[in-house]
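Below is one structure, written out as structure tokens; comments come after it.
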Amino acid sequence: MKVLGITAEYNPFHDGHKYHLAESKRITGADAVVVCMSGNFVQRGEPAVFDKWTRARTAVEKGVDLVLELPTYFALSSAETFARGSVELLSSLGIVDVISFGSEAGSVEPLQRVADSLAEESETFRDALRAELDRGKGFPEARETALSAVLGKEAAALLEEPNNILGIEYLKAAKRLGTGVPFVTVPRKGESHLMTASVIRRAMRDMEAERRYFDLLTYKIIMSTTEELESTPSGGEGLGNRLHNSIENAENLDELLLLVAAKRYPTSRLRRLCTQSLLGIDAPAIERVPYARVLAFSPAGAKLIRASKKSESAAVPLLTSLSKEAETLAASSADPASFRRSLTADVRAMDLWNLIHNRNRSAYSDYRRTPFHPDRI
């Protein structure tokens, strides 16, 4: 059985995802698909429009065989950490033969060239990057300018497109991790005949949930020290102080972000900082993915779960029941402290999502949920 790996957020699942899934299977000839999916909060720092269990079930109903949660620590991080976590998770299962991602470039080769250069970080690149940062540029712009000095403008221009950026980060992570799993990329279809996820999210915007989120965040900022706010993975550079100075003048999250934002601080980083603070995610960093939590699976997915558990090359345990397996797996982990910290963040993310959507925290707790399987309906 040839197994395809995909990283996705499915926030929510739409026609573009359906196309990518079908085209990836066609290109690779895969028999089964494993998806590494963000949980209740996505990489931009926002709450997902549907909870992770609902999105995972939808994915299986749309043709995915096994949905695994990317731990919150990695899902709620920079593109680099997000990509590293997802590539490590998929390649550590011992069953994934190829990984697919979407891109504007539509070809792996030019993206691989950029990824190799960024992974190696030549002295020329580092010096150019430092010089651009010293000029006050934000990191994305500074990196693109520095890369242009090494590979030329055409290669650097690949960093202007969001899906190219993630694809490059996947390839860079694979090179640094030494996974050996090959990649394919599917060209993104024109947006004229696709209702994109951003359009869907705007149509589904929940103002009450946003208000509850902001109220919780306001209290968190007021009650936290600058040092505590700075200790999140997205903190630093005086952002804790900027949050303290701005919260009194903000009526909602959008206003707060406008007050805090600056050229060096992308809005996505600020959103991640806010949610990381609410979830208590702080230093030290979690270096390796400690587990892969099963959210949903098809009959073929059940076979993949068994195959991964039996695989001698599997390097990450599968977690299907928090109440029955979590503590045993944590105790046997190479880093029990990181395992528990990561799992705590996942559970809190579910609790926070429930709170802001006015759902009973206990009834919908992660400890009471089990993976979706169509045979259980």
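The values are calculated or read from the model by the stated rules, or taken from the named source; none is laboratory data. Here the structure is a predicted model, which means the values were calculated and not measured. Please note: Cβ atoms are built from the backbone with ideal geometry, for glycine as well, and neighbour counts cover all protein chains shown.
When the criteria are applied in full, Phe214 fails the requirement of being surrounded by 17 or more Cβ atoms within 10 Å (Cβ to Cβ), at pLDDT 95 or above, of a type in the set (Phe, Trp, Tyr) and under 20 Å from the mean Cα position of the chain (by Cα).
Scanning the range 286-321 for residues that are more than 20 Å from the chain's Cα centre (by Cα) and charged (D, E, K, R) yields a total of 5. The condition (being part of a loop (DSSP other than H, G, I, E, B), under 15 Å from the mean Cα position of the chain (by Cα) and surrounded by fewer than 24 Cβ atoms within 10 Å (Cβ to Cβ)) is satisfied by just one residue among Gly45, Gly63, Gly39: Gly45. For the range 176-187, the criterion of being at pLDDT 90 or above and either assigned to a helix (DSSP H, G or I) or over 27 Å from Val96 (Cβ atoms) (or both) is met by at least one residue. Just so you know, in the range 22-52 the residues that are among the small types (Gly, Ala, Ser) and in contact with a helix residue (DSSP H, G or I) (Cβ under 6 Å, 6 or more places away or on another chain) include one that is farthest from Arg348 (Cα to Cα), and it is Ala32.
Got a sec? Which of Ala142, Ala119, Ala83, Ala79 is surrounded by 23 or more Cβ atoms within 10 Å (Cβ to Cβ), closer than 30 Å to Gln276 by Cα and in contact (Cβ under 8 Å) with a residue 12 or more places away in the chain?
Values: Ala142 fails: surrounded by 23 or more Cβ atoms within 10 Å (Cβ to Cβ); Ala119 fails: surrounded by 23 or more Cβ atoms within 10 Å (Cβ to Cβ); Ala79 fails: surrounded by 23 or more Cβ atoms within 10 Å (Cβ to Cβ).
Checking each option against the conditions leaves just Ala83.
For the range 208-254, filtering for residues that are assigned to a helix (DSSP H, G or I), of a type in the set (Val, Ile, Thr) and under 26 Å from Ile286 (Cβ atoms) leaves 2. Would you confirm whether or not the range 240-263 contains a residue that is under 29 Å from Val316 (Cβ atoms) and touching a Ser or Thr at 6+ places or on another chain (Cβ under 8 Å)? No.
When Val42, Val49 are checked against the criterion of being under 26 Å from Met204 (Cβ atoms) and free of Cβ contacts under 8 Å to residues at least 40 places away in the same chain, Val42 stands alone in meeting it. Looking at the range 9-19, which of its residues are surrounded by fewer than 21 Cβ atoms within 10 Å (Cβ to Cβ) and either of a type in the set (A, V, I, L, M) or not in a loop (DSSP other than H, G, I, E, B) (or both)? Scanning the range 9-19 gives Asp15, Gly16, Lys18, Tyr19.
Listed conditions (1) in a loop (DSSP other than H, G, I, E, B); (2) within 22 Å of the chain's Cα centre (by Cα); (3) small (Gly, Ala, Ser) are all met by Ala334, apart from (2).
Condition check ((1) assigned to a helix (DSSP H, G or I); (2) on the phi < 0 side of the Ramachandran plot; (3) in contact with a helix residue (DSSP H, G or I) (Cβ under 8 Å, 6 or more places away or on another chain)) across all residues:
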position	(1), (2), (3)
Ile281	no, yes, yes
Val294	no, yes, yes
Gly301	yes, yes, yes
Leu304	yes, yes, no
Val316	no, yes, yes
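If only residues of the range 337-377 that are in a helix (DSSP H, G or I) and farther than 30 Å from Met207 by Cα are counted, the one that is modelled with the lowest pLDDT is Arg376. Taken residue by residue, the range 260-274 has no member that is over 30 Å from Ala142 (Cα atoms) and more than 21 Å from the chain's Cα centre (by Cα).
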